[in-house]
Each structure stands twice: as C-alpha cells, then as structure tokens.
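The values are calculated or read from the model by the stated rules, or taken from the named source; none is laboratory data. None of the values given here were measured: they were computed from a predicted structure. In this analysis, Cβ positions are derived from the backbone assuming ideal geometry, glycine residues included, and neighbour counts consider all displayed protein chains. Note: accessible area is taken over every heavy atom of the protein model, side chains too, but ligands, DNA and RNA are not part of it. Shrake-Rupley method; radii C 1.70, N 1.55, O 1.52, S 1.80 Å.
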Amino acid sequence: MDLANKNKFRDFLFIALGSGLMALAISSIYDQIGLITGGFSGISILVRNLTEGIISGGVPLWLSNLLLNLPVFVLAYRKFGGRYVGKSIFGTVMLSVWLYLIPPMDLTEGDFLLAALFGGVISGAGIGLVLRAGATTGGTDLVASLVHARLRHYSVVQIMQVIDAVIVLAGLYVFGLRPTLYAVVVIFVIMRVSDFILEGFKHSKAALIITERHEEVAQRLMKELDRGVTGLTARGMYTHRSECVLYCVVSRKEIVRVKDIVDEMDPNAFVIVSDVREVLGEGFLKYRQEF
C-alpha cells in the first residue's frame, strides 16, 4: 500500500473511531442525563425527549441526526463541491450508524459531574480524531459555513457559537438550569481535549537567546544537543547596534540544558523561553505520521 492510500485509510479509520466515541458519549452519557452541548446531537436529544409522548421512546437519535444533516449536506455540496463534504458525509453516516448500534446505557448513573468530565473527554477525543482526519460529522459547523457564505462580516466560529448557544438555551427550557450549567463544563472539556488531540501529544520549548557570544553558544547547542540553531538579525533600539538573536527549538527535557549552556557561556545573556504546541520536521514529528 503506497503512502497516499495508507494516509487515506488512516483518515477513514480515525473518522470511524472518532464518530464511535462521539456516539458513545451522546447516547450513553448526554442523552441519559439531559446534557445539551450544542450541535445536531443536542437537537437530536431534544427531539427524542419532546417526542417521547408521541412515539414510544421518542424519535431515535441516529434518525434525527441523519435527517437533520441530509439537507445541510445537499446545500453544502451545491455551494462548495464534493471535495469539501466528502469525508464529512462519511463521518455523519458513521455517527448515525454508531448511534444505531450502541445500546443506550447510563454510564454515569445520573452523576452530573462524572457526565460532564467523562462525556467531555470521550466526545472531545472523538471530535479531535475526526478533525485530525480533515473531516467533520456535519451539524452546526456546516450550517455556519453556509451562513458565512451569505454573511461575510461574521466569521464561521462566531456563527457557530450563536447557533450552539441557541441550542443550549433550548436545553435550558426543556431540561432546566442544572443540566445546562453542566453542559457549559462539557463544552470547555471538549474544547481542551480536542485541541490536545489536534495539536499533538509532544509539546516542545522554543528559546530566544540574546548574547554577545552567539557564535560560541550556537556551536555548543548544535554539538551537545544535536539541535539546529537559527541566527536572526535584529537591531537593539537602545544601542542602535545590529545583534544576532539565536532561535532554537528543543524538547521540554532539553530546555534545562539550553539554559545551563547559555549561563556558562554568558551569565549576562537574555533568554526567552516559550511553549511550542507542535513541531514538524527533522528531529521532531513528521507531518501525518504523529500516530
């Protein structure tokens, strides 16, 4: 199997796994306790709850999710083309399939805190995997993209936040204040976990070093740490002299050694250390080969 097919297979595997995790959180945590976190999954929970008196058990979650997404995908296909919605169609279908296959069970036994934390972690991991594969599971992000095509002065994120806020407020009307407040916790956890999945598991450190002994410091960093060092031309606004500022990205463990080397070479050096979320390239991660 060549690299392109291997990457494609991995993407679809991530979508299938991620949508399964999302379905597990929706059917066995959020629906069981009435947590509405926005999106079409939140609308599906509302529809099922509101139709329980009309249909035995209410309209199934998988069916609502599929029916809500169908017109959105048709409009998105006409507006943006097949490449934009291809993987997302697979993600939406897989989410509905998982919602149909996974038997509803109350994993948290009515505990709102457990539901908020574990539901957020599970669905956040699922969303992160789907997004990492370059797809979505449809829903409000596609709706926001369509609205953005008409209202260009608002960003997609702003539109999506308004749509999800309306859905969460609808949950307040149906389920009450307590589940809605916990839904806010869920949204926060989902964002943090999905960001963690997207940004990668290996965080690094970046050092900006201002020293008069830049040549010696750079040589020691390259020799002892086997890391590349870049010299940036800068100008001191107080002295009006040209300076060479060293820029080096290392692992979290190596940053201590960087500071030790700089201090040994020039105790008066100025060092700025910052977090780096993801580093791709030689000596770090290869793009699309992080997992």
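Test Val156 against the criterion of being surrounded by 20 or more Cβ atoms within 10 Å (Cβ to Cβ) and either modelled with pLDDT of 80 or more or within 22 Å of the chain's Cα centre (by Cα) (or both), and give yes or no.
Answer is no for this residue.
Can we say Ile15 is in a helix (DSSP H, G or I) and either touching a Gly at 6+ places or on another chain (Cβ under 7 Å) or farther than 23 Å from Ile187 by Cβ (or both)? Give the derivation first.
Numbers: in a helix (DSSP H, G or I): yes; either touching a Gly at 6+ places or on another chain (Cβ under 7 Å) or farther than 23 Å from Ile187 by Cβ (or both): yes.
It is true that Ile15 is in a helix (DSSP H, G or I) and either touching a Gly at 6+ places or on another chain (Cβ under 7 Å) or farther than 23 Å from Ile187 by Cβ (or both).
Among the residues of the range 8-28, write down those that are open to solvent by 30 Å² or more (accessible area, probe 1.4 Å) and either farther than 12 Å from Leu95 by Cα or among the aromatic types (Phe, Trp, Tyr) (or both). Selection gives Lys8, Phe9, Arg10, Phe12, Leu13.
Filter the range 120-151 down to the residues that are without any contact (Cβ under 8 Å) to a residue 60 or more places away in the chain, assigned to a helix (DSSP H, G or I) and crowded, with 16+ Cβ neighbours inside 10 Å and list them by number. Selection gives Asp141, Ala144, Val147, His148. In the range 87-101, is there at least one residue being more than 25 Å from the chain's Cα centre (by Cα) and among the hydrophobic types (A, V, I, L, M, F, W, C)? Yes, the range 87-101 contains a residue that is more than 25 Å from the chain's Cα centre (by Cα) and among the hydrophobic types (A, V, I, L, M, F, W, C).
For every residue, the table says whether it meets (1) among the aliphatic types (A, V, I, L, M); (2) more than 23 Å from Leu198 (Cβ to Cβ); (3) touching an Asp or Glu at 6+ places or on another chain (Cβ under 9 Å).
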residue	(1), (2), (3)
Arg10	no, no, no
Ile15	yes, no, no
Gly20	no, no, no
Leu24	yes, no, no
Ser27	no, yes, no
Ile33	yes, yes, yes
Gly42	no, no, yes
Ile55	yes, yes, no
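How many residues are assigned to a helix (DSSP H, G or I), open to solvent by less than 50 Å² (accessible area, probe 1.4 Å) and either under 20 Å from Gly110 (Cα atoms) or in contact with a Pro (Cβ under 7 Å, 6 or more places away or on another chain) (or both) when one looks only at the range 29-40?
Filtering the range 29-40 down to residues assigned to a helix (DSSP H, G or I) leaves 29-33, 39-40.
In the following step, the residues that additionally are open to solvent by less than 50 Å² (accessible area, probe 1.4 Å) were identified as 29-31, 33, 39-40.
With the extra rule that they be either under 20 Å from Gly110 (Cα atoms) or in contact with a Pro (Cβ under 7 Å, 6 or more places away or on another chain) (or both), the set shrinks to 29-31, 33.
Total meeting the criteria: 4.
Being touching a residue at least 40 places away in the same chain (Cβ under 8 Å), over 14 Å from Gly119 (Cα atoms) and not in a loop (DSSP other than H, G, I, E, B) holds for only one residue in Ile43, Ile26, and it is Ile43.
Given the condition of a type outside the set (A, V, I, L, M, F, W, C) and touching a residue at least 40 places away in the same chain (Cβ under 8 Å), answer yes or no: does some residue in the range 51-58 qualify? Don't jump to the end; show me each part of the working.
Going residue by residue through the range 51-58, those that are of a type outside the set (A, V, I, L, M, F, W, C) are 51-53, 56-58.
Within this subset, residues satisfying the condition of being touching a residue at least 40 places away in the same chain (Cβ under 8 Å) are none.
No: the range 51-58 contains no residue that is of a type outside the set (A, V, I, L, M, F, W, C) and touching a residue at least 40 places away in the same chain (Cβ under 8 Å).
Filtered by the rule that a residue be open to solvent by 70 Å² or more (accessible area, probe 1.4 Å) and either in contact with a strand residue (DSSP E or B) (Cβ under 6 Å, 6 or more places away or on another chain) or assigned to a loop (DSSP other than H, G, I, E, B) (or both), the range 62-119 gives Pro103, Pro104, Met105, Leu107, Glu109.
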